[in-house]
Amino acid sequence: MIRANLLIDSHGRILRDLRVSITDRCNFRCLYCLPETEAAQNFYRGRWANLPNPAPISRQWQPKSKILTFEEIERAVRLAVGLGVQKIRLTGGEPLLRHDVEQLVARLARIPGITDLAMTSNGFLFPQKARDLREAGLQRISFSLDSLDRENFKKITGRDGLDEVLAGISLARELGFHPVKVNAVIIRGINDHEIEALAGFARERSLSFRFIEFMPLDSAHAWQKGLVVPGREILQRLQACHPLLPATSDNPSETARRWKFSDGRGEIGIIAPVSEPFCGHCNRLRLTADGKIRTCLFSIVEHDLRSLLRSDASDSAIGDWLQSVVWQKEDRHHIGEPEFVQPERTMSCIGG
Ligand code: SAM
Ligand code: SF4
Ligand code: SF4
């Protein structure tokens with residue numbers, strides 16, 4: 001039933017992409033992820049009069065003892081790569097908050113079989129770490145940038161950090177990270193007025209810019225369908241101001257529908273998991289910082305890899321276990337359906 005040496009699920013999807021969250025901590029409080037600032041709470045209350053006040057959140061980070069060590073992460077990645085995983089993305093929380101992250105990158109870069117070693121970061125600390133990460137073998141970096149307006153950036157992220165993130169994006173290009181991807185989560189009434197400017201920024205700087213629909217994974221459970229700007233609407237607005245040509249792709253598991261600017265510089269992608277789900281081609285698996293395997297962003301069950309890694313289980317026993325977990329991968333998400341249940345953990349814990 002389970003094919004040898006591959007992570008394959010019961011729907012026939014072969015998993016090639018492992019997202020590894022290396023910390024649940026973050027130095028930002030994005031209003032679509034950890035909406036814990038006054039500005040974020042005011043936004044949700046003010047806009048949705050019927051919405052109960054977001055529950056007070058007493059944030060507790062996982063204690064260090066529960067966080068996987070570098071040795072444990074390396075072993076988990078080696079086992080996954082032995083089962084056909086090719087792409088590794090380090091994420092969080094904010095991955096650059098993890099001490100000596102470049103040492104972890106160097107360990108992973110030595111694992112044969114990884115074709116793509118990437119990271120997603122909010123970029124605030126990137127200027128301090130960029131060179132070490134590059135030397136350690138990081139191949140690609142994706143940044144989050146939801147606004148080009150200093151005040152709006154601060155409102156969205158809870159941090160006055162636009163200059164640092166812009167500096168990080170420039171430096172990534174200088175150091176040869178390619179392509180440099182930038183992600184923006186678009187929320188109606190927050191940054192949808194910046195869509196055209198963000199695309200212009202991508203075009204000027206030859207960036208690969210991704211517009212992402214807001215998903216129900218925030219800590220206050222304040223997500224509302226009306227706050228989602230559908231990918232189709234984003235595309236129509238962009239087509240009205242920038243001539244775009246569809247970009248071809250040979251990767252059916254790609255989450256973004258991509259478009260090139262007709263003058264050839266930079267590209268945009270639209271990631272529309274809510275309005276146009278792409279679960280049928282999903283090839284992703286996630287490992288949380290505290291060692292839980294999640295087979296879907298919206299899983300409500302997690303699988304405890306940490307206990308196994310800390311037991312005397314052999315590599316082959318853990319590999320068998322991983323295959324049996326992956327077999328159970330959910331076919332799709334159920335956002336918008338009556339039975340949908342938002343996962344307890346937020347995007348900052350799951351790893352985007
Ligand atoms: N802290 C890093 C960052 O923000 O880039 C990495 C972790 S973050 C959880 C990874 C990605 O998830 C980011 O691109 C972020 O924009 C996205 N994200 C977080 N919450 C989201 C939500 N509710 N809906 C859609 N994307 C979300
Ligand atoms: Fe924002 Fe990423 Fe931190 Fe979430 S984990 S609050 S998306 S910077
Ligand atoms: Fe994959 Fe789950 Fe996201 Fe669908 S919702 S694309 S199955 S992770």
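The values are calculated or read from the model by the stated rules, or taken from the named source; none is laboratory data. Note that the structure is a prediction, hence the values are computed from the model and not measured. Note: ideal-geometry Cβ built from the backbone for every residue, glycine included; neighbour counts use all protein chains shown. The protein model used for the area step is the full one, side chains on, heavy atoms only, and it has no ligands, DNA or RNA in it. Shrake-Rupley method; radii C 1.70, N 1.55, O 1.52, S 1.80 Å.
Accessible area per residue (1.4 Å probe, heavy atoms of protein chains only) ranks Val229, Val301 as Val301, Val229, with the largest value leading. Take 238-246, 285-293, 78-86 and order them by the average number of nearby Cβ atoms within 10 Å per residue, most first; the result is 285-293, 78-86, 238-246.
Determine which aspartates and glutamates satisfy two conditions relative to Lys329: a Cα distance under 16 Å, and not lying fewer than 8 residues away in the same chain. Partners found: Asp9, Asp17, Glu302, Asp304, Asp320.
Translational diffusion of segment 68-191 was estimated from the Stokes-Einstein equation, with Rh taken as the Kirkwood radius over Cα pairs; at 10 °C and 1.306 mPa s the coefficient is 104 µm²/s. Of all lysines in the structure, the ones whose alpha carbon falls short of 22 Å from that of Lys225, not counting any fewer than 8 places away in one chain, are Lys155. Once you divide the Cα radius of gyration of segment 193-233 by 2.2 N^0.38 Å, the number left is 1.43. Any idea what diffusion coefficient segment 17-350 gets from Stokes-Einstein, in µm²/s, Kirkwood Rh on alpha carbon pairs, 25 °C, 0.890 mPa s? So the translational diffusion coefficient is about 119 µm²/s.
Between 0 and 90 degrees, the angle of helix 195-204 with respect to the longest Cα principal axis of the chain falls at about 70 degrees. Quick check: net charge around Gly123, other residues with Cβ under 10 Å of its Cβ, Lys/Arg +1 and Asp/Glu -1? Overall, the nearby charge balance is -2. Distances between every pair of Cα atoms in segment 226-352, grouped in 10 Å steps from 0 to the bin holding the largest one, split as 11, 32, 29, 19, 8, 2 percent. Rounded to whole numbers, the Karplus 3J(HN,Hα) couplings from phi for segment 28-44 are 10, 9, 5, 6, 9, 10, 10, x, 10, 8, 4, 4, 5, 5, 5, 4, 5 Hz, using 6.51 cos²θ - 1.76 cosθ + 1.60 with θ = phi - 60°, and x at Gly and Pro.
Checked against a 21 Å cut-off, the cross-linked pairs Lys66/Lys87; Lys64/Lys154; Lys129/Lys181 give Cα-Cα distances beyond that limit for Lys66/Lys87; Lys64/Lys154. With protein chains left intact and a 1.4 Å probe, residues in the chain average 43 Å² of accessible area per residue. Near Ile350, once Lys and Arg are set to +1 and Asp and Glu to -1 for all other residues with Cβ below 12 Å from its Cβ, the sum equals +1.
Taking the average, over residues, of other Cβ atoms within 10 Å as the packing measure, peptides 61-72, 321-332, 157-168 rank 157-168, 321-332, 61-72 from highest down. Give me the percent of accessible area attributable to carbon and sulfur for segment 17-350, probe 1.4 angstrom. Answer for segment 17-350 is 48 percent, counting heavy atoms of protein chains only.
As a test of the formula, what do you get for the chain when each DSSP H run with n ≥ 4 contributes -39,500 (n - 2.57) and the sum is divided by the residue count, at 222 nm and rounded to the nearest 500 deg cm²/dmol? That calculation yields -9000 deg cm²/dmol at 222 nm.
Amide H contacts for Ile187 (H built 1.01 Å from N in the peptide plane; partners 5 or more residues away or on another chain; cut-off under 5 Å): Asp192.
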